[in-house]
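Peer 1: I am attaching a structure below and will ask some questions about it afterwards.
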Amino acid sequence: QVQLVESGGGLVQAGGSLRLSCAASERTVSYYAMGWFRQPPGKEREFVAAISWRGGSSRYVDPVKDRFTISRDNAKNTVYLQMNSLKPEDTAVYYCAATTGTFLASAPGSYDYWGQGARVTVSS
């Protein structure tokens with residue numbers, strides 16, 4: 001069973017930066033596309049970014065383009081989400097997910113494995 005563990009969440013002031021990490025328990029995840037989702041308080045889980053298994057392709061939801069960067073280090077079985085210029089509306093629990101599919105899907109149902117989540121709070 002693949003396990004994903006997020007880390008790097010916390011409290012930051014608006015305009016600050018955080019980097020989330022997602023470590024996978026198995027080497028096979030290096031061959032999966034990976035995604036980051038978030039769930040703001042009282043709202044549905046939403047897509048943030050996704051990256052192909054080699055890291056050559058990525059996609060982002062419009063509100064985070066030019067502020068967030070998804071990357072991966074397959075040698076470390078780890079995916080990252082660098083978040084810059086954070087805004088209060090970025091406050092959410094952030095989840096990483098892995099999909100055995102090849103398409104950079106934005107629908108949560110397209111992902112097979114999920115982490116437990118990392119809380120990010122951005123104060124104004």
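Peer 1: Here's a check for you: in region 42-56, which residue that is open to solvent by 40 Å² or more (accessible area, probe 1.4 Å) and modelled with pLDDT under 95 is nearest to Ser106 (Cα to Cα)?
Peer 2: Within region 42-56, the first condition is being open to solvent by 40 Å² or more (accessible area, probe 1.4 Å), and the residues that meet it are 42-46, 53-54, 56.
Subsequent filtering for residues that are modelled with pLDDT under 95 retains 53-54, 56.
On the way: Trp53: 15, Arg54: 18, Gly56: 17 Å.
My answer is Trp53.
Peer 1: Also, quick follow-up: Which residues, counting only those in region 108-124, are among the hydroxyl-bearing types (Ser, Thr, Tyr) and touching a residue at least 60 places away in the same chain (Cβ under 8 Å)?
Peer 2: Just the residues of region 108-124 that are among the hydroxyl-bearing types (Ser, Thr, Tyr), to begin with: 110-111, 113, 121, 123-124.
Matches in region 108-124: Tyr111, Tyr113, Thr121, Ser123, Ser124.
Peer 1: Then there is this: Sort through Gly35, Gly15 and tell me the only one that's buried (at least 17 other Cβ atoms within 10 Å of the Cβ) and not aliphatic (A, V, I, L, M). Lay out the reasoning, then the answer.
Peer 2: Details: Gly15 fails: buried (at least 17 other Cβ atoms within 10 Å of the Cβ).
Within the list Gly35, Gly15, the selection yields Gly35.
Peer 1: Could you count how many residues in region 57-76 are open to solvent by 20 Å² or more (accessible area, probe 1.4 Å) and either within 23 Å of Glu26 (Cα to Cα) or in a strand (DSSP E or B) (or both)?
Peer 2: So in region 57-76, the residues open to solvent by 20 Å² or more (accessible area, probe 1.4 Å) come out as 57-63, 65-67, 69, 71-76.
The next check asks that each one be either within 23 Å of Glu26 (Cα to Cα) or in a strand (DSSP E or B) (or both); those that pass are 57-60, 69, 71-76.
Going through region 57-76 one residue at a time, the tally reaches 11.
Peer 1: Collect the residues in region 91-106 that are open to solvent by 20 Å² or more (accessible area, probe 1.4 Å) and either over 12 Å from Glu46 (Cα atoms) or of a type in the set (Asp, Glu) (or both), keeping them in residue-number order.
Peer 2: Thr91, Thr100, Gly101, Thr102, Phe103, Leu104, listed by residue number.
Peer 1: In addition: So Ser85 fits all but one of (1) in a strand (DSSP E or B); (2) open to solvent by 10 Å² or more (accessible area, probe 1.4 Å); what number is the exception?
Peer 2: With respect to (1) in a strand (DSSP E or B); (2) open to solvent by 10 Å² or more (accessible area, probe 1.4 Å), Ser85 is out only on (1).
Peer 1: Which one of the conditions (1) surrounded by fewer than 16 Cβ atoms within 10 Å (Cβ to Cβ); (2) part of a loop (DSSP other than H, G, I, E, B) does Thr28 fail to meet, given that it meets all the rest?
Peer 2: (2)
Peer 1: Here are some residues: Val79, Val5. Which one is assigned to a strand (DSSP E or B) and either farther than 22 Å from Thr102 by Cβ or open to solvent by 80 Å² or more (accessible area, probe 1.4 Å) (or both)? Talk me through it step by step, then tell me what you get.
Peer 2: Working: Val79 fails: either farther than 22 Å from Thr102 by Cβ or open to solvent by 80 Å² or more (accessible area, probe 1.4 Å) (or both).
Only one candidate qualifies: Val5.
Peer 1: Moving to a separate point now. Where the second residue is open to solvent by 30 Å² or more (accessible area, probe 1.4 Å) and among the aromatic types (Phe, Trp, Tyr) and the first is closer than 16 Å to Arg19 by Cβ and lies in region 82-107, which pairs have Cβ atoms under 7 Å and are six or more apart or on separate chains?
Peer 2: Every condition considered, the pairs that remain are Tyr95/Trp114.
Residue-wise test of (1) of a type in the set (Gly, Ala, Ser); (2) within 18 Å of Gly15 (Cα to Cα).
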| residue | (1), (2) |
| --- | --- |
| Thr78 | no, no |
| Gln82 | no, yes |
| Val93 | no, no |
| Ala97 | yes, no |
| Phe103 | no, no |
| Ser106 | yes, no |
| Gly109 | yes, no |
| Ala118 | yes, no |
| Ser124 | yes, yes |
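The values are calculated or read from the model by the stated rules, or taken from the named source; none is laboratory data. These numbers come from a predicted model, not from an experiment. Every residue, glycine as well, gets a Cβ built from its backbone with ideal geometry; the counts of neighbours run over all protein chains shown. The area values use the complete protein model at the heavy-atom level, side chains included, leaving out ligands, DNA and RNA. Shrake-Rupley method; radii C 1.70, N 1.55, O 1.52, S 1.80 Å.
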